[in-house]
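Nothing in this text is a laboratory measurement; each read-out follows from the coordinates by a stated rule. Just so you know, these numbers come straight off a predicted model, no measurement behind them. Here Cβ is always computed from backbone atoms with ideal geometry, including for glycine, and neighbour counts include all displayed protein chains.
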Amino acid sequence: MKHERYKYSAEKELMYFEFFSVGPKGQVKKVIEFSETNVKDVYNLAFGDYDEETNQISDKVVTNNGDSLKVLATVASSVYAFTTERPNAWVFATGSTSVRTRLCRMGLTNNIVEISKDFQVYGLKDDNWEEFIIGEDYEAFLVKRK
């Protein structure tokens, strides 16, 4: 993506990424984690604030740090890195709420021309996967490197 993004750190396998969102709420640690599913070559993308108490990703917290485009670009950058190492991987993503799924759709919509150069993009609608169509509501998304 052409948007500014945060620098992140990642472990060697590129399954786990960390970065800090910086804004009016201070520095907030964010985590992106890819995990295998029970379907071959399909990985789940989890993203959210890092909860120090539970050592887990909290995907329900609303940070409101004024940097959502930069955060989204950072998540997208991690997908590029992850799929560079795993060109056959399908990355599955959905929001923890319908609002967050809508934000994910908006991010894809606003960048679909650029994303489509490198990825096949699909949306889940009524239990069926279809090629991503701008303006459609989807329950989840799948992307794969071309």
Met15/Leu69 FRET efficiency (R0 35 Å; Cβ-Cβ; nearest 0.05) | 0.90
If you average the sequence gap of Cα pairs under 8 Å that are 6 or more apart and divide by the length of the chain, what percent do you get for the contact order?
-> 20 percent
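Could you list Thr97, Thr74 so that the one with the fewest beta carbons within 10 Å of its beta carbon is first and the one with the most is last?
With the fewest neighbours first, Thr97, Thr74 line up as Thr97, Thr74.
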Using only the Cα atoms of the range 9-145, construct the convex hull and provide its projected area averaged over every direction, in square nanometres to one decimal.
-> 8.5 nm²
What 222 nm value per residue comes from the helices of the chain, counting each DSSP H run with n ≥ 4 as -39,500 (n - 2.57) and dividing by all residues, nearest 500 deg cm²/dmol?
-> -9000 deg cm²/dmol
For the Cα atoms of the chain, what angle does the longest principal axis make with the long axis of helix 68-85, in degrees from 0 to 90, nearest 10?
-> 60 degrees
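Taking a cut-off of 21 Å, what percent of all Cα-Cα pairs in the range 64-128 are separated by more than that?
25 percent
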For Glu139 and Ala46, calculate 0.36 nm times their separation in residues minus their Cα-Cα distance, and state this gained length in nm to one decimal.
-> 32.0 nm
